[in-house]
Amino acid sequence: MEEKTKKKDKKEMRSGYTTGACATATTKAALIALITGEPQFEATIYLPVGKFVTFEMESCVVEHTVAEAGTIKDAGDDPDATHGALIKAAVSWHNESGISLDGGIGVGRVTKEGLPVPVGEAAINPVPRKMILETAENVLAEYGITKGISIVISVPDGEKMAEKTLNKRLGIIGGISILGTRGTVIPFSSSAYMASIVQAISVARASHCEHVVITTGGRSEKYAMLQYPELPEEAFIEMGDFVGFTLKQCKRQGIKKVSLVGMMGKFSKVAQGVMMVHSKSAPVDFGFLAEVANEIGVTDEQLIEQIKQANTASQVGDILYEHGYHSFFTQLCTYCCESGLKEIKGGLSIETSLYTMKGLLLGKAGKDDN
């Protein structure tokens, strides 16, 4: 079954297409244009997910020795940094046999070890690379062409778009990565973010980091960098809501020590053993926070009731900090460490630091299970 990229279904969340799929489609359009001398305004490709999709070209220009085609990336209803990007492929005849593939303007270049692409090469990941090369080979075979070709993928606004990604931290300089394993983007799926976490840990390991710091966001990462000034930039990884996933990946890749840095809202959930801390999937349990307060010696019933009736976990933190119950935060951090070790079945050292929104360190605790 074939799909058109311009179709919309308002009732359901729309799937979109990866930069890798777009680059493959523009390569096919440009190559056919080069061979036939006729501009191509659509190209049908087969995606790894197992279906044919037709991409409409935004532009296609053909000259004597080179053709260039471009398509607008449609990420569907996924909040993607590259949604709306113009993805281009320029294909030209090559003096040598075979197919060469490289990145042009707006496609990043790899500068650090640990990524699936060697240092010095364009950040075109293995699956998109395979899709592009196989599609080009099939077109050449179909037209009986034995001459060599050169393919250059570019994204005119790629460098600006890369500022909204983790590329610079991963050592990808000068633009975005050409990504995708399925060819499609599932709306609000976590696959792209999880893949970036795996890559970030790989880069940390390749940079000889045995201690990494995982944070829930940019603000907590800023506080973490002040707390651990001795660690290189590669050691700091934004895990977002994926606490359990990130801890498992750290263990799998041989990290010895993990420091969790975050705030009351998400870490009050981790303390209970909740390892996916998105606000919609796991609300704060104020009854649990009241129990922890009771454990560390809060006996004032009015105070316990205030905790139970609080609007946010941060508010609970403010109440207990103002009343001098600092051991509450140490206990909460201890529970976070224990929950993390239980989730991954031990094998590394975990410490947890808890901050306020304004950067005040509330508490810290550690557990060693090496």
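The values are calculated or read from the model by the stated rules, or taken from the named source; none is laboratory data. Owing to the predicted nature of the structure, the values given are computational and were not obtained by experimental measurement. All Cβ positions, even for glycine, are placed from backbone atoms using ideal geometry, and neighbour counts span all protein chains on display. Calculation scope for accessible area: heavy atoms of the full protein, side chains included, ligands and nucleic acids excluded. Shrake-Rupley method; radii C 1.70, N 1.55, O 1.52, S 1.80 Å.
In whole percent, how big is the carbon plus sulfur part of the accessible area of the chain, probe 1.4 Å, protein atoms only?
Answer for the chain is 50 percent, counting heavy atoms of protein chains only.
Any idea of the accessible area per residue across the chain, 1.4 Å probe, to the nearest Å²?
Ligands and nucleic acids excluded, the result is 48 Å² per residue.
Taking the range 237-370 on its own, what percent of its Cα-Cα pair distances exceed 24 Å?
26
Compute the Cα gyration tensor for the range 12-147, then decide on rounded, prolate or oblate, letting a ≥ b ≥ c be the square roots of its eigenvalues: rounded whenever a/c is under 1.5, prolate when a/b is larger than b/c in the other cases, and oblate in all that remain.
oblate
In Å, what is the Rg of the alpha-carbon atoms in the range 98-155, and how long is Dmax?
Gyration radius and largest Cα-Cα distance of the range 98-155: 12.8, 40 Å.
Please report, in whole Å, how far the alpha carbons of the range 79-118 spread along each principal axis, starting with the longest.
Principal axes ranked by extent give 41, 29, 14 Å for the Cα atoms.
Heads up, I need the accessible area for residue 349: 1.4 angstrom probe, whole protein in place, Å², nearest 10.
20
Given the pairs 160/345; 251/364; 130/257; 160/251; 28/160; 168/257, which are separated by over 30 angstrom at their Cα positions?
From 160/345; 251/364; 130/257; 160/251; 28/160; 168/257, over 30 Å: 160/345; 130/257; 160/251.
When only C-alpha pairs under 8 Å and at least 6 residues apart count, what is the relative contact order of the chain, in percent?
13
Across every pair of different alpha-carbon atoms, what Kirkwood hydrodynamic radius in Å does the range 133-230 reach?
Computed over Cα pairs of the range 133-230, the Kirkwood hydrodynamic radius comes out at 17.0 Å.
Residue 327 to residue 222: extension gain in nm, 0.36 nm per residue of separation minus the Cα-Cα distance?
Length difference between fully extended and current span is 35.4 nm.
Can you list the aspartates and glutamates whose alpha carbon is less than 19 Å from that of residue 164, not counting same-chain residues fewer than 8 positions off?
Counting by Cα, and skipping residues close in sequence, residue 164 has these aspartates and glutamates nearby: 74, 77, 78, 80, 221, 233, 234, 238, 241.
Provide the convex hull volume over Cα atoms per residue for the range 17-66, in Å³.
Cα convex hull per residue, to the nearest whole number: 71 Å³.
Can you give me the Rg/Rh ratio for the range 277-345, using Cα atoms for both radii and the Kirkwood formula for Rh?
Computed over Cα atoms, the ratio is 0.99.
Report the antiparallel proportion of the DSSP beta bridges in the chain as a percent, rounded to a multiple of 5.
Beta bridges within the chain, antiparallel portion: roughly 60 percent.
I'd like to compare 128-136, 250-258: which one has the highest average count of other Cβ atoms within 10 Å, and what's the full order after that?
Per-residue mean Cβ counts within 10 Å order the peptides as 128-136, 250-258.
Could the peptides 296-309, 211-224 be put in order, highest first, of the mean number of other beta-carbon atoms found within 10 Å of their residues?
211-224, 296-309
Between rounded, prolate and oblate, where does the range 159-288 land on the alpha carbon gyration tensor, with a ≥ b ≥ c its root eigenvalues, rounded for a/c under 1.5, else prolate if a/b exceeds b/c?
Verdict is oblate for the range 159-288.
Just the Kirkwood number for the chain, please: inverse of mean 1/r across all distinct Cα pairs, in Å, one decimal.
It is 22.8 Å.
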